[in-house]
1. Give me the helices (runs of 4 or more DSSP H) completely within region 1-73, filtered to those with at least 2 residues that are under 25 Å from Leu192 (Cβ atoms), ordered by residue number.
2. Using the structure shown, decide if Val382 is under 20 Å from the mean Cα position of the chain (by Cα) and modelled with pLDDT of 95 or more.
3. Condition first: at pLDDT 95 or above and either under 21 Å from Asp312 (Cβ atoms) or assigned to a helix (DSSP H, G or I) (or both). Can you find one or more residues in region 123-131 that meet it?
4. Within the group Ala395, Ala416, Ala402, which residue is in contact with a Gly (Cβ under 9 Å, 6 or more places away or on another chain) and among the hydrophobic types (A, V, I, L, M, F, W, C)?
5. Go through (1) more than 25 Å from Pro385 (Cβ to Cβ); (2) among the hydrophobic types (A, V, I, L, M, F, W, C); (3) out of contact with any helix residue (DSSP H, G or I) (no Cβ under 7 Å at 6 or more places or on another chain) for Ala239 and report which single condition fails.
6. Just one of Val150, Val157, Val171 is surrounded by fewer than 18 Cβ atoms within 10 Å (Cβ to Cβ) and either modelled with pLDDT under 95 or of a type outside the set (D, E, K, R) (or both); which is it?
7. Name the pairs: first residue in region 32-50 and over 15 Å from Ile64 (Cα atoms), second residue of a type in the set (A, V, I, L, M, F, W, C), Cβ to Cβ under 7 Å, at least 6 apart or on different chains?
8. Looking at region 149-161, is at least one residue on the phi > 0 side of the Ramachandran plot and either assigned to a strand (DSSP E or B) or over 21 Å from the mean Cα position of the chain (by Cα) (or both)?
Amino acid sequence: MLGDYRIQGRRATEIAADVERAVASGELRPGQGLPPLRDLAEDLGVNPNTVAAAYRQLRDRGVIETAGRKGSRVRSRPSSAPRDEQRVPVPPHARNLSTGNADPALLPPLAPAVALAAAALDRAPVLYGHAAAEPELLALAAASFRADAVPDGPLAVTAGALDAIDRILAVQLRPGDSVAVEDPGWGSLLDLLPAHGLRTIPVSLDDQGPRPESVAEALAAGARALFITNRAQNPTGAALTAERATELRAVLAQYPGTLLIEDDHGHGIVDLPFQTLSCGPDRRAVTTRWAVLRSMAKAFGPDLRLGVLTGDRDTVVRLLGRQRLDTGWVSHLLQRTAAELWRADAAPVERIAGIYRQRREALLTALAGHGIRAHGASGLNVWIPVADETGTVLAMAQCGWAVAPGIRYRLHSEPAIRITVAELDPAEAPRLAADLADVLGASGGASRLV
């Protein structure tokens with residue numbers, strides 16, 4: 001099972017450390033099985049409970065996973081190996097369409113907003129004991145949530161959506177809990193969950209969002225939390241429709257104890273209506289634990305590390321308590337800058353969303369002209385199923401296009417590539433589609449329309 005490698009240690013911490021070191025060095029490979037508890041305990045001359053404790057530590061750290069009667073094995077992607085490290089070198093002549101970034105030309109100018117925020121802080125510096133959040137930013141966030149029919153709840157400011165999710169996981173879930181996630185889905189989230197010792201249950205989706213039957217299966221299988229991207233889903237561009245949201249709320253109503261986390265990272269760049277699962281038309285929460293997150297990364301730039309959220313009182317109060325124990329608060333300079341940008345509405349959503357839609361639809365139309373099936377209902381990306389990810393990515397690089405391999409975003413879903421259209425000139429779309437058609441045709445890996 002382990003080949004020539006022999007696990008060492010007498011205490012649980014020693015055994016766990018030895019396995020983790022062997023995984024890091026490559027002596028134990030992804031997917032490799034570990035000995036049954038009693039076999040390893042006998043080999044090491046220790047109590048089986050000691051080995052059980054070691055395996056539990058390794059699961060909690062995202063190093064191994066347990067597959068019931070199949071035993072324990074090294075995770076196929078340990079939490080210490082982020083998915084975004086899987087990058088293909090971009091040739092000097094290539095157009096880089098792999099990053100997922102917004103178009104810098106469409107981001108609002110920061111200098112005026114930063115100057116106003118800094119001047120305000122010069123007049124009244126923020127010191128220890130100051131309120132954690134800026135009242136103006138909270139008022140803007142509250143109005144935004146209220147306009148989108150999100151239930152009333154306390155508010156919090158975090159260092160982006162992932163920071164918020166990290167804190168919610170820490171205060172509301174325990175290692176070993178199962179979490180339902182979109183597949184394909186956001187790579188950073190798929191890395192974060194095992195780092196918390198959580199188990200993922202993949203949920204399939206289409207252009208309208210997660211499939212109700214797949215969500216129902218995940219919740220019936222014991223998922224204690226459900227992650228949803230309401231629009232501009234990364235990587236597929238899926239966006240919840242009103243009909244799909246109604247169907248999913250009906251599923252959630254059967255599991256009212258589910259922790260529902262909605263990530264609206266498309267806020268500010270998508271003009272599709274926001275569809276929430278947190279409540280129905282009566283504005284009453286569907287589950288007892290919920291949170292709706294909005295980050296500034298796509299609308300104002302990822303370096304403005306800021307997000308706002310609302311949720312049920314217990315979740316938000318716990319999150320704020322956790323925040324006070326470490327960072328304390330998010331920089332008020334950033335908060336005031338974000339408030340200035342949000343209030344000034346320097347780049348109206350309709351105009352920005354329209355530009356991104358034009359670029360996205362230009363590529364989708366060009367691909368359809370070659371019979372290539374692709375997805376991109378909203379947001380910055382187009383998702384294209386292929387038979388051979390690696391071969392397609394390498395061949396496209398030779399054609400002058402850097403695209404992202406789908407493995408960064410997949411659990412069990414089919415292979416694909418992701419193309420970021422944020423900076424793609426519509427005039428470039430026909431050539432890009434033709435090159436991809438040639439590559440897929442040469443490899444026999446075209447995913448044709450039906």
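The values are calculated or read from the model by the stated rules, or taken from the named source; none is laboratory data. Bear in mind the structure is a predicted one, so any value in this text is a computation, not a measurement. Glycine also receives a Cβ, built like all others from the backbone with ideal geometry; neighbour counts cover every protein chain displayed.
1. On the way: elements: 12-25, 37-44, 48-60.
Qualifying helices (runs of 4 or more DSSP H): 12-25, 48-60.
2. Numbers: under 20 Å from the mean Cα position of the chain (by Cα): yes; modelled with pLDDT of 95 or more: yes.
The answer is yes for Val382.
3. Yes: one or more hits.
4. Numbers: Ala395 fails: in contact with a Gly (Cβ under 9 Å, 6 or more places away or on another chain); Ala402 fails: in contact with a Gly (Cβ under 9 Å, 6 or more places away or on another chain).
Sole residue among the options that is in contact with a Gly (Cβ under 9 Å, 6 or more places away or on another chain) and among the hydrophobic types (A, V, I, L, M, F, W, C): Ala416.
5. (1)
6. Result: Val171 is the single residue among Val150, Val157, Val171 that is surrounded by fewer than 18 Cβ atoms within 10 Å (Cβ to Cβ) and either modelled with pLDDT under 95 or of a type outside the set (D, E, K, R) (or both).
7. Partner pairs satisfying both residue conditions: Leu40/Ile7; Leu40/Val51; Ala41/Val51; Asn47/Ala41; Pro48/Leu37; Pro48/Ala41; Thr50/Ala12; Thr50/Ala41.
8. Just the residues of region 149-161 that are on the phi > 0 side of the Ramachandran plot, to begin with: 149, 160.
Applying the additional criterion that residues be either assigned to a strand (DSSP E or B) or over 21 Å from the mean Cα position of the chain (by Cα) (or both) yields 149.
Yes.
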